[in-house]
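Undergrad: Before we start, here is the structure in question, set down as structure tokens.
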């Protein structure tokens, strides 16, 4: 019987570490089909993807993924909890996924599952610890980490809770519980390098290191760390001026937006709370770059990632109301590309869940009488693609989501 593997990724860009994860996952699960739920033009840490979502989908398909589905921007640029929740909601809705595989700094899934149970059930003592930690002025991630350590009362969990991929893995497991999913999770331990390592080991490097090498034009080294197809796609985008290296490309627009916005308007941005809008307004009025902004407003209460996501929300015109919609709206499948096997999977999904919206043509789909919340979700993806292309060195495009062809190989 065929088995279907689900992977949640950003592929920014697709590198040898991703290929290792994919191949190991296939071997362990015996899966014959693979679906990737992939973040689009902007990332969970509040940054740009260095190449556009269709280019990333092409690399993924050429490197062994069968079907690439876009993770809507309202999930893709959100906290780890919402990112994971949205992706798992989509995978679970397909009714054909047998496994989900994710990378983590630990190989012990039981430890992560134990923590996921605590976060899902929120025992009273844990909630009391969390409240006390938040009252000290810590950021939510650090307060939650401290509360969990106190609740678990075991130092062996310290390294577990301070590792980014472990944290995301815990959120995947928590979301599986929330949706009462039958999808079986597996872990592929990170190989050789850590999530944010800027060095590389042999032919394996983190995405952080790969992007750093790209910015420094170290192509000879880069070529060793990226599969051939992915490297070719990267070079093609460089040659046509379609690389968007980071959020600083848009920093003038972002700072101008914040200067124009009132504090009341800033308070409506996701992740803005407890009077942070006043600090944001003051910082925007006195700086000329994202680096300056982050240095001015940096505090133990707000992580730099959270602050950078807020900057991104101001650029993309994403509000708290939009985020609330994303949490309540039903899932849909936005197909970016597929191979012949992926084409078969789309038919399988349509049979397994006939009520699920499967979008292969945005133009045809938007001509339908859409649910208003679903329309807002999709319009945000369309709008953010338009903004993303304004970061290109040469040319920018409008309505690419209507005109760009599906990637097929």
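The values are calculated or read from the model by the stated rules, or taken from the named source; none is laboratory data. Quick caveat: nothing in here was measured; it's all calculated off a predicted structure. Don't worry about glycine lacking a Cβ; one is built from the backbone with ideal geometry, like all the others, and counts go over all protein chains shown.
Undergrad: What helices (runs of 4 or more DSSP H), lying completely within the range 336-409, carry at least 3 residues that are more than 22 Å from the chain's Cα centre (by Cα)?
TA: Per the criteria, 340-352, 362-366.
Undergrad: List the number of the failed condition for residue 43; all other conditions in (1) over 10 Å from the mean Cα position of the chain (by Cα); (2) within 22 Å of residue 312 (Cβ to Cβ); (3) without any contact (Cβ under 8 Å) to a residue 40 or more places away in the chain hold.
TA: That leaves (1) as the condition not met.
Undergrad: Right, next: Could you check how many residues of the range 120-130 are surrounded by fewer than 18 Cβ atoms within 10 Å (Cβ to Cβ) and part of a helix (DSSP H, G or I)?
TA: So the answer is 6.
Undergrad: Now for a different question. Could you check how many residues of the range 60-108 are within 13 Å of the chain's Cα centre (by Cα) and in a helix (DSSP H, G or I)?
TA: 13
Undergrad: Then there is this: Mind listing whichever residues of the range 3-40 are out of contact with any helix residue (DSSP H, G or I) (no Cβ under 9 Å at 6 or more places or on another chain) and either within 24 Å of residue 317 (Cα to Cα) or not in a helix (DSSP H, G or I) (or both)?
TA: Correct list: 30 only.
Undergrad: Let me ask something additional. Given (1) touching a residue at least 40 places away in the same chain (Cβ under 8 Å); (2) assigned to a helix (DSSP H, G or I); (3) loosely packed, with under 15 Cβ neighbours inside 10 Å, identify the lone condition not met by residue 241.
TA: With (1) touching a residue at least 40 places away in the same chain (Cβ under 8 Å); (2) assigned to a helix (DSSP H, G or I); (3) loosely packed, with under 15 Cβ neighbours inside 10 Å applied to residue 241, the lone miss is (2).
Undergrad: Separate question: Do we have any residue at all in the range 284-300 that's crowded, with 21+ Cβ neighbours inside 10 Å, in contact (Cβ under 8 Å) with a residue 60 or more places away in the chain and not in a helix (DSSP H, G or I)?
TA: No, the conditions are met nowhere in the range 284-300.
Undergrad: Check 175, 147 and return the single one that is within 19 Å of the chain's Cα centre (by Cα), surrounded by 13 or more Cβ atoms within 10 Å (Cβ to Cβ) and not assigned by TED's automatic domain parsing to the domain that holds residue 88.
TA: Answer to the selection: 175.
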